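Contents: one structure, followed by commentary.
The values are calculated or read from the model by the stated rules, or taken from the named source; none is laboratory data. Source: prediction; values computed, not measured. With ideal geometry, Cβ positions are generated from the backbone for all residues, glycine too; neighbour counts draw on all protein chains shown.
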Amino acid sequence: MDIPSIDYLLDETAKNGQPIWQVVLREEQSDSGSSQESVLERAMVTYEVMKNAAMSGIASDMKSVSGLTGGDAAKYYNYLRNHKSLLGSMESRAVAYALGTSGYNAAMGVVVACPTAGAAGIVPGVLIAAQEEYGFSDREAVYGLLTASAIGGVVATRATISGAAGGCQAECGTACAMAAAALVEVMGGSPRQCTDAAALALKNCLGLACDPVAGLVEVPCVKRNGVYAVMAISAADMALAGIRSFIPLDEVIDAMYQIGCAMPSCIRETAEGGLATTPTGLAAKRRMF
Amino acid sequence: MSIGLFDIMGPITIGPSSSHTAGAVRIGLVCRMLLEDEVKSAKITFYGSFADTYHGHGTDKAVVGGLLGFRTDNEKIRESLRLAEFRGLSYEFHTADDPKLHPNTVLIEASSREKTVRVQGASVGGGAIRITEINGMPVQISFVEDTLILFHRDAPGVLASIAHILSSNGYNIGNLRLSRTRREGDVITVVETDVPVDGTTAGQLCSVESVSEAVVIPHF
Ligand code: SF4
């Protein structure tokens, strides 16, 4: 897809009276030369892989390869089954599935990098939970995924989706924006509401450091996926209520990039600062290597 | 710049890190595709962040998995080191420092029964890769397009012959780049085409005097 900006995307939707996902589908069709139906089929397979990862993650207490993390999703899932959680049923499921996916990822399970493997729990967490809550079809869920991809695509084109280049705001921040837009899409919001939700989400991730303990995608990444899934839902809810983002999404993305470039390299995935160099973080690293 | 839907919503990959795992699998896979045969031995050198965290991220298993021919979504990658021993692939890992290189860089020197290839590549984020060197020659290949890699001698008329064979077989050249070694005469030409070049055409290309090899790697 060749979508240089959110403005362009919104223009396209307005010109043809189409939702964002249809614009994405059209773009992908003309890029890849495959039919819309086969693009949708591939997206359905992708969604299946997402579900499999989330469910595998909550069902097992497998440890990560390094042994640093593991079992948190199963713990939260058991808690949900036996207690009334603080979060409502949809939000708490989103947390469970996001934790599950990220834990599965840390254990070298098969996930969909969305937009990266480190942030792979947020979009599926939100979408699967919403599907269970509202009972829409897989096909409709996939429309949400397409809309999410448009947002991620613009971020990758205008800025970066790599923690090494832009900090975690570029990874989990982008995923959070994608998830918010996806949720608004499946709930029947307008294209503008989708991008407003994404803007609200991303704005609240600005400045987020990438400071993983021992340089591994585990601490704080796994739990961060859980927490940011909830953030995406709040952003979507506000947008559905008609709340606008004061700063339009294109400008938020540019701000994110500017902040990423200004971040010192010690908090851009090098594990030379932040949580990675706390006494506990360093001790964990020493135990491992 | 155009970006694929399934690059954002993907790739489908084993964890834990798209750059430390998925990208590493793909660089290993490139080596295997260049050898066009089972890999028998490999010396793998990690640089930068790869050197620091390859063990915890499973980058070692990922590269070896790629050398064994596994795609990024193959769960057998988790077992690749053991499978490699079983299948007679001997490997060794080294780490080195070179601040000039991208922080996620790996150098693989791999041999099959008959050939040896030396590939340096970087994993640049979200599973995307950039091969930066083949057999000591600087290249820039990311395999987002169907790619034809030609090994040949620097001789007058070779490029014209290559272009002629491709066009007479109906292939449209999207991009063509040429790299030379400091050593006399060896050239790698990288051609991106709209569809992968077929075996017959590759055979014709190999029969051009001074072309020693033509390897087709469809985008992946
Ligand atoms: S902290 Fe860094 S490694 Fe972890 S999810 Fe965020 S960007 Fe990825």
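Does at least one position in region A:191-203 carry a residue that is assigned to a helix (DSSP H, G or I) and within 13 Å of the ligand (Cβ to nearest atom)? Break it down into steps so the answer makes sense when it comes.
Initially, region A:191-203 is screened for residues assigned to a helix (DSSP H, G or I), giving A:191-203.
Imposing the further condition that a residue be within 13 Å of the ligand (Cβ to nearest atom) reduces the set to none.
No, every residue in region A:191-203 fails to be assigned to a helix (DSSP H, G or I) and within 13 Å of the ligand (Cβ to nearest atom).
Say we look at region A:99-154 and pick out the residues that are part of a loop (DSSP other than H, G, I, E, B) and free of Cβ contacts under 8 Å to residues at least 40 places away in the same chain; which of these is nearest to the other protein chains (Cβ to nearest Cβ)? Give the derivation first.
In the first step, residues of region A:99-154 are kept if they are part of a loop (DSSP other than H, G, I, E, B); the result is A:107-109, A:113-121, A:135-137.
Within this subset, residues satisfying the condition of being free of Cβ contacts under 8 Å to residues at least 40 places away in the same chain are A:113, A:135, A:137.
On the way: A:113: 4, A:135: 23, A:137: 18 Å.
Filtering first and then ranking leaves A:113.
Applying the selection to region B:1-20, what residues are more than 7 Å from chain A (Cβ to nearest Cβ) and within 18 Å of residue B:69 (Cα to Cα)?
Of everything in region B:1-20, just one residue is more than 7 Å from chain A (Cβ to nearest Cβ) and within 18 Å of residue B:69 (Cα to Cα), namely B:20.
What about residue B:66, is it within 11 Å of chain A (Cβ to nearest Cβ) and either among the charged types (D, E, K, R) or away from the ligand (no atom under 16 Å from the Cβ) (or both)? Don't jump to the end; show me each part of the working.
Values: within 11 Å of chain A (Cβ to nearest Cβ): no; either among the charged types (D, E, K, R) or away from the ligand (no atom under 16 Å from the Cβ) (or both): yes.
Here the answer is no, as residue B:66 does not meet what is asked.
Working only within region A:252-289, note down all residues that are in contact with a Gly (Cβ under 9 Å, 6 or more places away or on another chain), modelled with pLDDT of 95 or more and within 18 Å of residue B:55 (Cα to Cα).
Residues satisfying the conditions are A:276, A:281.
Hey, among the residues in region B:28-49 that are within 16 Å of residue B:94 (Cα to Cα) and more than 10 Å from chain A (Cβ to nearest Cβ), which one's surrounded by the most Cβ atoms within 10 Å (Cβ to Cβ)? Can you show your working first?
Here is the first cut: in region B:28-49, the ones within 16 Å of residue B:94 (Cα to Cα) are B:28, B:41-49.
If we keep only those that are more than 10 Å from chain A (Cβ to nearest Cβ) as well, we get B:28, B:41-47.
Working: B:28: 31, B:41: 15, B:42: 22, B:43: 15, B:44: 25, B:45: 18, B:46: 23, B:47: 23.
Top of the filtered list is B:28.
Can you report the number of residues in region A:1-25 which are under 19 Å from residue A:156 (Cβ atoms) and in a helix (DSSP H, G or I)?
Taking region A:1-25 and keeping what is under 19 Å from residue A:156 (Cβ atoms), we get A:1-10, A:12, A:20-21, A:23-25.
Still in the running and in a helix (DSSP H, G or I): A:6-10, A:12, A:20-21, A:23-25.
Going through region A:1-25 one residue at a time, the tally reaches 11.
Which one is nearest to the ligand (Cβ to nearest atom) among residues in region A:103-120 that are more than 22 Å from residue A:75 (Cα to Cα) and of a type in the set (Val, Ile, Thr)?
Out of the qualifying residues, it is A:116.
Can you tell me how many residues within region A:230-280 are within 19 Å of the chain's Cα centre (by Cα), over 17 Å from residue A:220 (Cβ atoms) and charged (D, E, K, R)?
So the count comes out to 3.
This table checks each residue for (1) touching a residue at least 40 places away in the same chain (Cβ under 8 Å); (2) part of a loop (DSSP other than H, G, I, E, B).
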residue	(1), (2)
B:3	no, yes
B:13	yes, no
B:23	yes, no
B:27	yes, no
B:32	yes, no
B:49	yes, no
B:76	no, no
B:84	no, no
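Would you say residue A:179 is within 16 Å of the ligand (Cβ to nearest atom), in contact with a Leu (Cβ under 9 Å, 6 or more places away or on another chain), at pLDDT below 95 and assigned to a helix (DSSP H, G or I)?
Values: within 16 Å of the ligand (Cβ to nearest atom): yes; in contact with a Leu (Cβ under 9 Å, 6 or more places away or on another chain): yes; at pLDDT below 95: no; assigned to a helix (DSSP H, G or I): yes.
When the stated conditions are applied, residue A:179 does not pass them.
Taking region A:231-246 only, how many residues are in a helix (DSSP H, G or I), away from the ligand (no atom under 16 Å from the Cβ) and of a type in the set (A, V, I, L, M, F, W, C)?
Number of matching residues: 6.
Condition first: without any contact (Cβ under 8 Å) to a residue 40 or more places away in the chain, of a type outside the set (Gly, Ala, Ser), away from chain B (no Cβ under 14 Å) and within 15 Å of the ligand (Cβ to nearest atom). Can you find one or more residues in region A:250-269 that meet it?
yes
Taking the condition of being more than 7 Å from the ligand (Cβ to nearest atom) and among the acidic types (Asp, Glu), how many residues in region A:208-226 meet it?
Total satisfying the criteria: 1.
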